[in-house]
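A.B. asks: One structure coming up, written as structure tokens, with questions to follow.
The values are calculated or read from the model by the stated rules, or taken from the named source; none is laboratory data. Worth saying up front: this structure is predicted, and the values here are computed from it rather than measured. With ideal geometry, Cβ positions are generated from the backbone for all residues, glycine too; neighbour counts draw on all protein chains shown.
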Amino acid sequence: MNQALKKRSLEVLWNPCSQMQDYENNIPLIPIKKAKGVWLHDFEGNKYLDAVSSWWVNIFGHCNNDISNKIKEQLDNLEHVILAGFTHEPIVKLSEELIKITPKNLDKCFYADNGSSAIEVALKMSYHYWLNIGKPNKNKFITFSNSYHGETLGALAISDVDLYKKTYRPLLMEVITAPSPDLFFKPYDQSVEEYCEIKISELEEILEKNHKQVSAIIIEPLVQCAGGMRMHDPYFLKLLRKACDKYQVHLIADEIAVGFGRTGTLFACEQANISPDFMCLSKGLTGGYLPLSVCLTSNNIYNAFYDEYKNLTAFLHSHSYTGNPLACAAALATIDIFNNKNIIEENQIKSKLLSESIKDLYDHKNVIDIRQKGMILAIELGEDKVSKTPFDWKKRYGIKIYNYALTKNVLMRPLGNIIYFMPPYIINEEEIKLLGNTAIEAIHACI
Ligand SMILES: *Cc1c(COP(=O)(O)O)cnc(C)c1O
């Protein structure tokens, strides 16, 4: 069945983020029959530990009974309804919950159905706010180097990962790119505080020159995930919030990947005790069940759109499946789990186990950096530890490690030469050990 389904799949399906030719010889295409907890099962009795939470969405395991049951209940009542002119209980309740658990000053929820779309909403709302209050020139965005905010044209424009962006550059709006506060580049003899302050002064130079044209600054708080799990200090976020206030530009927090407990707090912004003007959430929002995203913002922003219809200040953005009740039910069930269990506390123990599981790698000559925030642990590989010289990407060590790990029943999908663990929070101690041992073995076997 594995082979037969693979063959049928390759006839008709164009997989995401794939050079399809790789599936001939370089990378297996694995048909999955079912999944439970952290385990994916194929048709031939093989299983794979989902160490990447199926692209970072699955936080409480596959086929989680609590979430599945809530969706099944919802299915018999209301599957979907147009959200213009109508509302429904799951979305009202979800909005109430989100406003309760996110940082203060986030008072209104606007929904879309994937992360990139939530980013588009934030960009349009930010610009439109300034337009509505009589500042039409504030129409530029500032992003950080190596950032990632999605693949639709607006989201891609404010991203900075060349692999995804370069090809489409002629199609993209121009943005201003500020140097990222990535700690990977911090000189050894500099303190974290000093480094953050230098990075903020570089940003302030840009703001000083451009703030009259700048609508918003967008950041992935604490971890640039698609950019290779690169991390910065919460202190930078504090300084960033201050700079945004000083220069009157919005702060958009893209917590699509880091939200819902991934970095050790429910939201990454909490670690800096800041509130953004917009917060985008998706991925873990539905526990990895159904596509849903939300852009939260303040009453202050909302009120700039609130007027008589004839003044044409309304936000006329929409998606067909906005606020889908089944997705809302999954999100409510996910938030219920956070409310009823000590997930954040238990994750502290698990994140320690994660780092212990790979402690033998610290001395490996090709391990140039090991970094961690909460339930994200990354191992960066390269030619040389001291100079942090990267491997030539053409060697594709990441793919070799990926293939090796699959033979050991682990799905570990590196980002280039960065191996990372971003497992569902329900992973147990034994499974964490398997992850660690597999990473160690794979690195020794493949490099
Ligand atoms: C995944 C991701 C997105 C895009 O979300 P999609 O649902 O894939 O469109 C945006 N920002 C960040 C930080 C992400 O990790």
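A.B. asks: How about the range 69-91: which of its residues are of a type in the set (Asp, Glu) and either in contact (Cβ under 8 Å) with a residue 24 or more places away in the chain or part of a helix (DSSP H, G or I) (or both)?
C.D. replies: Across the range 69-91, the qualifying residues are Glu73, Glu79, Glu89.
A.B. asks: Now for a separate question. Can Phe236 be described as within 14 Å of the chain's Cα centre (by Cα), crowded, with 24+ Cβ neighbours inside 10 Å and of a type in the set (Phe, Trp, Tyr)?
C.D. replies: no
A.B. asks: When you scan the range 277-303, how many residues do you find that are farther than 15 Å from Val121 by Cβ and either in contact with a helix residue (DSSP H, G or I) (Cβ under 9 Å, 6 or more places away or on another chain) or assigned to a loop (DSSP other than H, G, I, E, B) (or both)?
C.D. replies: Number of matching residues: 8.
A.B. asks: For residues in the range 304-314 being aromatic (Phe, Trp, Tyr) and in a loop (DSSP other than H, G, I, E, B), which is surrounded by the most Cβ atoms within 10 Å (Cβ to Cβ)?
C.D. replies: Residue satisfying both the conditions and the ranking: Phe305.
A.B. asks: Hey, another quick one. Just to check your reading of the model, which residue among Ile358, Ile335 is more than 21 Å from Leu78 (Cα to Cα) and either more than 16 Å from the ligand (Cβ to nearest atom) or not assigned by TED's automatic domain parsing to the domain that holds Ile133 (or both)?
C.D. replies: When all the criteria are applied, what remains is Ile358.
A.B. asks: I would also like to ask the following. Which of the residues belonging to the range 253-276 are under 13 Å from Cys295 (Cα atoms) and assigned to a loop (DSSP other than H, G, I, E, B)?
C.D. replies: Correct list: Glu255, Ile256, Gly259, Pro276.
A.B. asks: Here's something else I'd like to know. Go through the range 103-134 and give me each residue that's free of Cβ contacts under 8 Å to residues at least 60 places away in the same chain, more than 10 Å from the ligand (Cβ to nearest atom) and either touching a strand residue (DSSP E or B) at 6+ places or on another chain (Cβ under 8 Å) or under 25 Å from Ser318 (Cβ atoms) (or both).
C.D. replies: Answer for the range 103-134, where residues must be free of Cβ contacts under 8 Å to residues at least 60 places away in the same chain, more than 10 Å from the ligand (Cβ to nearest atom) and either touching a strand residue (DSSP E or B) at 6+ places or on another chain (Cβ under 8 Å) or under 25 Å from Ser318 (Cβ atoms) (or both): just Leu131.
A.B. asks: Something else now. Surrounded by fewer than 23 Cβ atoms within 10 Å (Cβ to Cβ), modelled with pLDDT of 95 or more and among the hydrophobic types (A, V, I, L, M, F, W, C), is that true of Leu131?
C.D. replies: In short, yes.
A.B. asks: I'd like to check something: does the range 359-369 contain any residue that is buried (at least 19 other Cβ atoms within 10 Å of the Cβ), part of a strand (DSSP E or B), free of Cβ contacts under 8 Å to residues at least 40 places away in the same chain and touching a strand residue (DSSP E or B) at 6+ places or on another chain (Cβ under 7 Å)?
C.D. replies: yes
A.B. asks: Considering every residue within the range 166-185, establish whether at least one is basic (Lys, Arg), touching a residue at least 12 places away in the same chain (Cβ under 8 Å) and out of contact with any Ser or Thr (no Cβ under 8 Å at 6 or more places or on another chain).
C.D. replies: no
A.B. asks: Could you identify the single residue in Ile30, Ile67, Ile71 that is buried (at least 16 other Cβ atoms within 10 Å of the Cβ) and touching an Asp or Glu at 6+ places or on another chain (Cβ under 8 Å)?
C.D. replies: Ile30
A.B. asks: For the range 245-260, how many residues are under 17 Å from Pro103 (Cα atoms) and either touching an Asp or Glu at 6+ places or on another chain (Cβ under 6 Å) or buried (at least 20 other Cβ atoms within 10 Å of the Cβ) (or both)?
C.D. replies: 11
A.B. asks: Does at least one position in the range 208-218 carry a residue that is in contact with a helix residue (DSSP H, G or I) (Cβ under 8 Å, 6 or more places away or on another chain), modelled with pLDDT of 95 or more and within 13 Å of the ligand (Cβ to nearest atom)?
C.D. replies: yes
A.B. asks: When you scan the range 191-198, do you find a residue that is more than 16 Å from the ligand (Cβ to nearest atom), surrounded by fewer than 23 Cβ atoms within 10 Å (Cβ to Cβ), over 17 Å from the mean Cα position of the chain (by Cα) and part of a loop (DSSP other than H, G, I, E, B), even just one?
C.D. replies: Yes: one or more hits.
A.B. asks: Then there's this: Among the numbered conditions (1) of a type outside the set (Lys, Arg); (2) touching a strand residue (DSSP E or B) at 6+ places or on another chain (Cβ under 9 Å); (3) within 14 Å of the ligand (Cβ to nearest atom); (4) touching a residue at least 24 places away in the same chain (Cβ under 8 Å), tell me where Thr152 comes up short.
C.D. replies: Condition (2) is where Thr152 drops out.
A.B. asks: Here's a follow-up. Looking at the range 90-100, can you tell me whether even one residue there is closer than 12 Å to Met279 by Cβ and within 16 Å of the ligand (Cβ to nearest atom)?
C.D. replies: no
A.B. asks: May I ask you to list the residues in the range 155-189 that are part of a loop (DSSP other than H, G, I, E, B) and exposed (fewer than 13 other Cβ atoms within 10 Å of the Cβ)?
C.D. replies: Matches in the range 155-189: Glu174, Pro187, Tyr188, Asp189.
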